[in-house]
Amino acid sequence: MVITLLVEMGLACGLAAAAGYALGRLKGVGGGKGLAILGGITLFMEALTGLLGLLPIVLLQPQALERPEMTILEIAVWTYVLAGAVGYFLTEMIGALIVEGFAVLAALLCFFPPALLGGLREWPGALGLLIAIVLVGILGPQLFSKAVLRGKGVKPLSLVWFWFCLNCLIGYGIAERLGLLLIAAPAVLIFWGFLYFLSGLILPLENEERARQEHHRRQAFRSLITFALGTNYPYYVIEDWKTQENKDQEKPDPRVPGNAFSQFLAGPGIILNDCNHVAVTTTGFRLRVVPPGLSFTEKYEDLYAVVDLRPQLRIHEGIKAETQDGITVTIFTSFPHRIGADGQQPTLGRSYPFNRDAVLDAVFRRTLIEHKWERDENKQAREDISKTPWDELVLIIGPPILKEIILNYTCNGLHAPGDPRVEIAKTFRERMREAMRPYGIEMVGGGISDIMPPDKIVEQRIQNWAASWQRRIEIEIGRTKAERILQLAPVWTQAQLKMMVTLTRILEREAVQLSDEALVFQLIDALTMVEPGEEPAQLPAPSEGDLITGMRRGR
């Protein structure tokens, strides 16, 4: 029995070395390193089992070496391989050492009661094994959790322990060693294989190149284990997370809390971005841009910022700008912008385009820090240092640019015919585009409203406008009267000439003696006979003396 156990120890050690080689290659630390670590740890744990388990039994109960309870050590030897592989997969050497160490302790606690109480075929030994299994399943996870997992993962560890023990008892009860080999061992492999397959279905893994897809599958499997243990790093789901209540919050709360600084059997974290967002993570030493889709975070990596890739609109409701002649005007200004994307436009079926360097420039490299310092009512100094969000930078950089442009115009020039606002808005957009490029921000437009001077200036301009139009109206009326006079002058001249001719004819009728009444009627008829369109008779114009003489003679 002992020889069989030693052979199995050698085979288990070889299997552990092979598993370490494969895991080392998968984790990127080198196959040789994994082989040496996992193989060496397993060999050490087997030696420890022999020293603490076999040696005391040889001294106290040598007959137990030929009894069925030795099967417990055989199970333990092969369990070391699985425990070491899981520990190495999660935390490399430290993980393998911790998990295998607790596996040795559990195996010895289950081995000694039946070995010292007459064996598994005697009821004291069988009862001792059951009591040992229950005590290990209850107290072992608590001890392991407090020592390694900071009080987490007690229930999952207890469930896995009791399931493993039940699986081994069923296999051994059906066909002893053959049952362990053909029932218990396949059940364990199927269980872990099912978890690996299930982890790929739970998370939305993308169809990428084979190497990256396998890496994501391993990370998904690892996240499933640590999530069950409660040692995962934070999980974030980033979408339209801002509301009226958390509008001042810089980044979303984790969907699943976690500690990114956990050391043992922990990680990874998860960041799931929708197509409109990217995340920026930091370890304190380096930054990483997490694109849309599913990504995993590693130890010490925490969420630093969230960037919305969609066009953003910021509005300044009243920029006060001074004109060349010292008048302050108010301008309503809009700043549509987005993260720099090298001119790429969104396409159907893909996420919003972006440039990684532009994202880092916007949220870290070119960040503006606002520093406020004041004293309160108790004369205590209060200092407030805050970072300006990237999408608010346009409200800080834009107003000085617009003020500088307005300074080149007078107030009258801003309201001159031809609408100078078109040229001002064009210049403003061009200068904003150049100013925001180093910050990783791409302007997608920009505009200004009506340029509003002060009310006093408006009233003055209305008065000036009214006076100007009154003067133009008076000039127009005078011009119209002059034109009317010029048009009527020839008509009146003809009428006067005809009237004079008619009067002359009446007064020259010396042969006819008319009374005063008849003469008056003749004169009235002559005055009413004037027709502007009629041509006057072609008579020689009488002299002034003749007219006077004729008028006297007619009387």
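The values are calculated or read from the model by the stated rules, or taken from the named source; none is laboratory data. Because the structure is predicted, anything quoted here is derived from the model rather than measured. Because the Cβ atoms are built from the backbone with ideal geometry, glycine has one as well, and the counts that use them run over all protein chains shown.
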Worksheet item: Could you count how many residues in the range 199-227 are loosely packed, with under 13 Cβ neighbours inside 10 Å and under 20 Å from Gly267 (Cβ atoms)?
Response: 4
Discussion item. Checking the conditions here, which among Glu434, Glu442 is surrounded by fewer than 16 Cβ atoms within 10 Å (Cβ to Cβ) and out of contact with any Cys (no Cβ under 6 Å at 6 or more places or on another chain)?
Written reply: Glu434
Response to the item:
Of the residues in the range 295-347, those that are hydrophobic (A, V, I, L, M, F, W, C) and outside any strand (DSSP E or B) number 3
Worksheet item: Looking at Leu360, Leu348, which one is more than 18 Å from the chain's Cα centre (by Cα) and farther than 22 Å from Gly446 by Cα?
Response: Leu348
Response to the item:
Filtering helices (runs of 4 or more DSSP H) wholly in the range 399-507 for at least 1 residues that are over 30 Å from Gln345 (Cβ atoms) and basic (Lys, Arg) gives 455-507
Worksheet entry | Of residues in the range 268-286 being surrounded by 23 or more Cβ atoms within 10 Å (Cβ to Cβ) and in contact (Cβ under 8 Å) with a residue 60 or more places away in the chain, the one nearest to Pro156 (Cα to Cα) | Ile270
Worksheet item: If you scan the range 182-208, which residues turn out to be more than 20 Å from Tyr236 (Cα to Cα) and either touching a Gly at 6+ places or on another chain (Cβ under 7 Å) or not assigned by TED's automatic domain parsing to the domain that holds Val86 (or both)?
Response: Ile183, Ala184, Asn207, Glu208
Discussion item. Residue under question is Gly293, and the condition is that it be assigned by TED's automatic domain parsing to the domain that holds Arg429 and either under 14 Å from the mean Cα position of the chain (by Cα) or hydroxyl-bearing (Ser, Thr, Tyr) (or both); does it hold?
Written reply: no
Discussion item. Of the residues Leu402, Leu395, only one is out of contact with any helix residue (DSSP H, G or I) (no Cβ under 8 Å at 6 or more places or on another chain) and modelled with pLDDT of 85 or more; which?
Written reply: Leu395
